[in-house]
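Written below as C-alpha cells is the structure these notes are about.
FYI, it's all coordinate maths here, none of it is from the lab. A quick note: this is a predicted structure, and the numbers were derived from the prediction, not measured. Positions of Cβ are backbone-derived with ideal geometry, glycine not excepted, and every protein chain shown enters the neighbour counts.
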Amino acid sequence: MLAAPEARLVPPLIVAEGVTKRFGDVLALDRLSLEIGRGEFVSLLGPSGCGKSTFLRCLVGLDHTTEGVLTVGGQRVTDPPKELGLVLQRDALLEWLDVLDNVLLPAEFAGLRRAALRPKAKELLHMVGLGEFLHAWPAALSGGMRQRVAICRALLLDPPLLLMDEPFGALDALTRDQLNIDLHRIWRERGMTVVFVTHSIPEALFLSTRVAVFSPRPGRIVDDVALDLPRHRRLAVKETPEFAALARRMRGNFEAMGLIRDA
C-alpha cells in the first residue's frame, strides 16, 4: 500500500540503517534496516530471542549498536531520547506509592511540579477506568490494572514516541483483549508513534498499522506489511477475511523459517 504523496515529504521519526548488535560472540541483530513514520503503530513480531527487545533497548539508548546508524527524530541515539514513553512486561510500579503517585513519577524525573500535572494524571486514570483507584496501593490491583497504571505513567508527559516491550504477555486472554482495545483507542486519540514488541500474531494485527516480522537470531526483518484494516477496530475485525489473510501471511513467514510445522 503506497503512502500518500504528502506523507513522503515528512521525515520518518525512526530510522535504522544496517543496525547490527553483538553481545560478545553472539550476533543478536544483523544489518537491520527499518523506517517508522510519525503517528504509525508498528509491531515487531517474532519468536522469543529473535532480537525484538534488543532493538527496542537500542532505541531507548540502554544498549548501543555495534554497527549501523539508529536515529530518533533525526538525532543519533546515544542516550535515552527525550520525550519517550516506555512500558515493559513487568509494570515496575513502586509498591510504596499509591496509583496516582506512581503515574506522577515522570514529573519528578523531569523536574516538573507534580501538582501541575495532578489533573492530567487523574484524567488518564479515568480514561482507562481506574478513576476509583487513585489512592489504591499497587498490591491491591490485578495484573491488567497494574499495566493500565504503567501506560498512564508512560503517557503523562505526552511523549511523541511510546515503546512497549510485550506489555501484555503475562496477562490472561480476556484481560489482554481489553487492554488491546484500550491501547488502540489511546493511540487513535493521542496520535503518538508506537513501537510494540510481541510474539502474538493476532495482537500484532489487531493493534498495528504495520507489522515488521523478525527472523530467528540473528534478528533481521523478513517481511514488512502495511495493514489495510479499519483505523477504528473492534474485536470483530479478527473474524473478517482480510484479517484471516494477513494472519496466514504471518504464519507463512514462520513456516518458511521452520518455526511452525503443521503436522
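Output the peptides 184-194, 126-136 sorted from most to least packed, where packing is the average of other Cβ atoms within 10 Å over each peptide's residues.
Numbers: 184-194: 16.8, 126-136: 14.9.
Highest-to-lowest ranking by the protection proxy: 184-194, 126-136.
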Could you go through segment 91-106 in sequence order and give the Karplus-derived ³J(HN,Hα) for each residue, using 6.51 cos²θ - 1.76 cosθ + 1.60 with θ = phi - 60°, rounded to whole Hz, and x for Gly and Pro?
5, 6, 5, 8, 5, 8, 10, 6, 4, 4, 5, 4, 5, 7, 3, x
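Charges at C-beta only: +1 for Lys and Arg, -1 for Asp and Glu. How large is the resulting dipole of segment 145-196 about its Cα centre, in Debye rounded to 20?
Computed about the Cα centre, the dipole is about 140 debye.
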What is the Cα centroid distance between segment 4-54 and segment 214-263, reported in whole angstrom?
17 Å
Relative contact order, percent, segment 1-105 [alpha-carbon distance under 8 Å, six or more residues apart]
26 percent
Ala136's amide H: which non-local residues (gap 5+, or another chain) put their own amide H closer than 5 Å, with H modeled 1.01 Å from N in plane and none for Pro or chain starts?
Val99, Leu100
Within 12 Å, Cβ to Cβ, of Phe133, how many net charges do the neighbouring residues add up to if Lys/Arg are +1 and Asp/Glu are -1?
+1
Segment 26-166: relative contact order in percent, alpha carbon pairs under 8 Å with at least 6 residues between
28 percent
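Taking the Cβ of Pro159 as the centre, find all other residues whose Cβ is under 12 Å away and add up their charges (Lys, Arg: +1; Asp, Glu: -1).
It works out to a net charge of +1.
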Other residues with Cβ under 14 Å from the Cβ of Pro230 give, with Lys and Arg +1 and Asp and Glu -1, a net charge of +3
For Thr66, other-chain or 5+-apart residues with amide H closer than 5 Å (H placed, Pro excluded) are Thr20, Lys21, Arg22
Can you tell me the FRET efficiency between Asp262 and Ala170 if r is taken as the Cβ-Cβ distance and R0 is 22 Å, rounded to the nearest 0.05?
0.20
Just order 92-100, 80-88, 206-214 by mean Cβ neighbour count inside 10 Å, highest at the front, would you?
206-214, 80-88, 92-100
Name the shape class, rounded, prolate or oblate, that the alpha-carbon gyration tensor gives for segment 1-155, where a ≥ b ≥ c are the square roots of its eigenvalues, rounded holds for a/c under 1.5, and otherwise prolate holds if a/b is larger than b/c and oblate otherwise.
prolate
Of the listed pairs Lys120/Lys238; Lys21/Lys82; Lys122/Lys238, those with alpha carbons more than 25 Å apart are Lys120/Lys238; Lys122/Lys238
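List the relative contact order of the chain as a percent without decimals, with contacts defined as Cα pairs under 8 Å and 6+ residues apart.
Numbers: 467 pairs, mean separation 64.3, N = 263.
After rounding, I find 24 percent.
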Using θ = phi - 60° and the Karplus form 6.51 cos²θ - 1.76 cosθ + 1.60, what ³J(HN,Hα) does each residue of segment 168-173 get, whole Hz, x for Gly and Pro?
10, x, 9, 9, 5, 4
Modelled label-to-label distance, Asp25 and Asp79, 7 Å Cα→beta-carbon offset: nm?
3.6 nm
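So what is the calculated 222 nm ellipticity per residue for the chain, using -39500 (n - 2.57) for each DSSP H run with n of 4 or more, over all residues, to the nearest 500 deg cm²/dmol?
Taken over the chain, the calculation gives -10000 deg cm²/dmol.
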